[in-house]
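**Q** Structure below; questions to follow.
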Amino acid sequence: MIDLVDMNGKLGAAGGPPPGPGRNVDHIAIKVEPFDADAIRAYFTASGVEPDQAVVRFGADGDGPSIYMRDPEGNGVELKGRG
């Protein structure tokens, strides 16, 4: 699923500020099954990546758990589970 979101609309405003200069993609999302938020966060934290807390967000399969983080180049990555 590819979401094209108007940054000036209700959904766009809820996502925070637009990507910075030279960037036009907020993040990519990768479905993870099974989704174990604690195990995912522990793995990335041990690897030197600081993932956000898991929260429920809307995605291709509806609402479900989601963890955001940044790759080493600063790109947004979302790991998404089923609701």
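The values are calculated or read from the model by the stated rules, or taken from the named source; none is laboratory data. Worth saying up front: this structure is predicted, and the values here are computed from it rather than measured. Don't worry about glycine lacking a Cβ; one is built from the backbone with ideal geometry, like all the others, and counts go over all protein chains shown.
**Q** Has the stretch 2-10 got at least one residue that is surrounded by 14 or more Cβ atoms within 10 Å (Cβ to Cβ), touching a Leu at 6+ places or on another chain (Cβ under 7 Å) and part of a loop (DSSP other than H, G, I, E, B)?
**A** Within the stretch 2-10, one or more residues are surrounded by 14 or more Cβ atoms within 10 Å (Cβ to Cβ), touching a Leu at 6+ places or on another chain (Cβ under 7 Å) and part of a loop (DSSP other than H, G, I, E, B).
**Q** Still on this structure, I have one more. Could you check Arg82 against (1) of a type in the set (Lys, Arg); (2) surrounded by fewer than 16 Cβ atoms within 10 Å (Cβ to Cβ); (3) part of a helix (DSSP H, G or I) and say which number it fails?
**A** (3)
**Q** When you go through Ala29, Ala60, Ala46, Ala14 one by one, which is the residue that is among the aliphatic types (A, V, I, L, M) and modelled with pLDDT of 95 or more?
**A** Being among the aliphatic types (A, V, I, L, M) and modelled with pLDDT of 95 or more holds for just one of Ala29, Ala60, Ala46, Ala14, which is Ala46.
**Q** I would also like to ask the following. Within the stretch 35-42, identify whether any single residue is part of a loop (DSSP other than H, G, I, E, B), modelled with pLDDT of 95 or more and at negative phi, and answer yes or no.
**A** For the stretch 35-42, residues part of a loop (DSSP other than H, G, I, E, B), modelled with pLDDT of 95 or more and at negative phi: present.
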